[in-house]
Amino acid sequence: MTGSDAPDLAARQAALVRALVAGDAVPPGFDVCAIHAAAHSLLHKRAREVAARYPGLAYAAGPDFAEQFVAWARTRPKRGAAADARRFARDSDIRWGGRGPEWAKRLTGLFRNGTR
């Protein structure tokens with residue numbers, strides 16, 4: 001690869017990333033089915049990350065949390081688990097306590113040593 005190929009490669013890589021995580025069209029030269037399968041897997045991984053950090057949100061959303069979250073996230077870029085949880089709850093009108101890992105750690109500490 002020469003220096004003049006770098007901008008084209010960077011543009012193709014950026015288009016591929018957008019297809020994987022932002023729902024953009026699959027760029028030419030890539031296997032559409034493989035990219036869609038990978039994008040689907042990444043969306044489910046994102047849902048698992050949110051559910052692991054915010055189980056109260058997953059519970060409040062109901063048994064189809066993963067499907068709801070994936071449908072919501074399909075056209076929204078990842079902003080991190082905390083931001084995704086807040087935006088998903090807001091956009092889906094899900095009422096939950098908003099308590100994340102900090103609350104769970106404190107609660108665990110209460111049970112572990114019996115103090116506040």
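The values are calculated or read from the model by the stated rules, or taken from the named source; none is laboratory data. Model, not experiment: these values are computed from the prediction. Methodologically, a virtual Cβ is constructed for each residue, glycine included, from the backbone with ideal geometry; neighbour enumeration extends over all protein chains shown.
Summary table
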quantity	calculated
Residue check for residue 80: at pLDDT below 95 and more than 30 Å from residue 15 (Cβ to Cβ)	no
Residue 99 being of a type in the set (D, E, K, R), surrounded by 13 or more Cβ atoms within 10 Å (Cβ to Cβ) and modelled with pLDDT under 85	yes
Residue that is basic (Lys, Arg), part of a helix (DSSP H, G or I), at pLDDT 95 or above and farther than 14 Å from residue 92 by Cβ, where the choices are 12, 46, 18	46
Yes/no for residue 24 being out of contact with any Asp or Glu (no Cβ under 8 Å at 6 or more places or on another chain), under 19 Å from residue 79 (Cα atoms) and without any contact (Cβ under 8 Å) to a residue 12 or more places away in the chain	yes
